[in-house]
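Bear in mind that the values in this text are calculations on the coordinates, not laboratory data. Computed from a prediction, not measured in an experiment: that's the story for all the values here. Ideal geometry is used to build each Cβ from the backbone, glycine not excepted, and the neighbour counts take in all protein chains shown.
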Amino acid sequence: MRRRPTHRSQPSWFSKAFLPDRSQAGFRPSPAAGYGILAASVLFLLLGSYAVFFSAFFPHTGVWALDVLARDTHYKYLAIMLIPAGTGFVIANWVGWQYYRNS
């Protein structure tokens, strides 16, 4: 039985782009970057928790930004709901891309 030639996949744009060589054994990301991401995550969690849950139980703080979040009844949920909605959108697009590539 003769084998038919199959289509070879072309290298993607990602492999053609210039990427720094990170295969070196001594490469490590900066600890400051990790601490910065951790601090931003904790700050976002605390601010979102105050805006959504705790602002109804505490009096106004006198801090303008926190008081605006406490008085808001609609848009304070937008930032919190963007995370699961964005995650679902990204996952759905990734699954669709996998179906497209493997069809």
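Label separation (R101 vs V42): 3.7 nm, computed from points 7 Å beyond Cα along the C-beta direction.
A simple rule links phi to the HN-Hα coupling: the Karplus curve 6.51 cos²θ - 1.76 cosθ + 1.60 with θ = phi - 60°, which for region 61-74 gives 8, x, 8, 4, 5, 5, 5, 5, 5, 5, 7, 5, 10, 10 Hz, with x for Gly and Pro.
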